[in-house]
Amino acid sequence: MRCLRLALLPLLLVACTEQAPVAPIEDGPAFNFSNGPDNPGGVFRSTLDDWWWVAFGDVDTHLFAIYSNDPEGFCGPGTSEKQPVHFQVAADEWNVVIHSEDWYAWVYDETGVNPWAYPGGPCAWIADTDPLLASGRVQFKSVWAGNKGDWNANGTLDRADGLGTVQARLRISEEWSRKTGEWLGYTDWVVVLGPDPRN
């Protein structure tokens, strides 16, 4: 699979434009606000139909979340039913807004396991153990401003046990240096299901 990894969110968010296996692509330059023009001006909008996904776990709630614009998430080969992803860039403020109206989401119970360390990774873990708690559709929005970025997805998911619905709140926050553009790390990883189907 040929994937373009976004420097904004290393290892977590990718946009894929081809499905045939090819050699890995080298990472691009680090994300850096310091190398833009002094007065770029303007607001730019664009829509992409590429394959996007976000996957991460919450060590406090022991929940693992995947959300994607494709109904197969990031474990499948991708489909033609992807939701479009909209970009809005206010260049004069170095502000980026990414949003999509209707993404797909899955939340899994990762109690006692690290999906990334599982032999074969998260997709093998999901296939082998069937840890799904809830799935459905969410509203996705990502906002980048100043030296911080947030990835948010919220919505009502159907419980895997068939006993109603749960509210999902999925968020990653990250931060980088204003002076050097160096990525400083994640400040918040949140996966919340209420009420939690495990209780």
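General observations
- Strands (runs of 3 or more DSSP E) enclosed by region 35-95 - at least 2 residues per element that are modelled with pLDDT of 65 or more and not aliphatic (A, V, I, L, M): 51-58, 63-68, 85-90
- Which listed residue is among the aliphatic types (A, V, I, L, M), more than 24 Å from K82 (Cα to Cα) and in a strand (DSSP E or B), from L193, L170, L157, L133: L193
- Some residue of region 169-182 being at pLDDT 90 or above and surrounded by fewer than 15 Cβ atoms within 10 Å (Cβ to Cβ): no
- Screening G185 against (1) touching a residue at least 24 places away in the same chain (Cβ under 8 Å); (2) loosely packed, with under 13 Cβ neighbours inside 10 Å; (3) not hydroxyl-bearing (S, T, Y) leaves a single unmet condition, (1).
The values are calculated or read from the model by the stated rules, or taken from the named source; none is laboratory data. The model shown is predicted, which means the values in this text are computed figures rather than measured ones. Please note: Cβ atoms are built from the backbone with ideal geometry, for glycine as well, and neighbour counts cover all protein chains shown.
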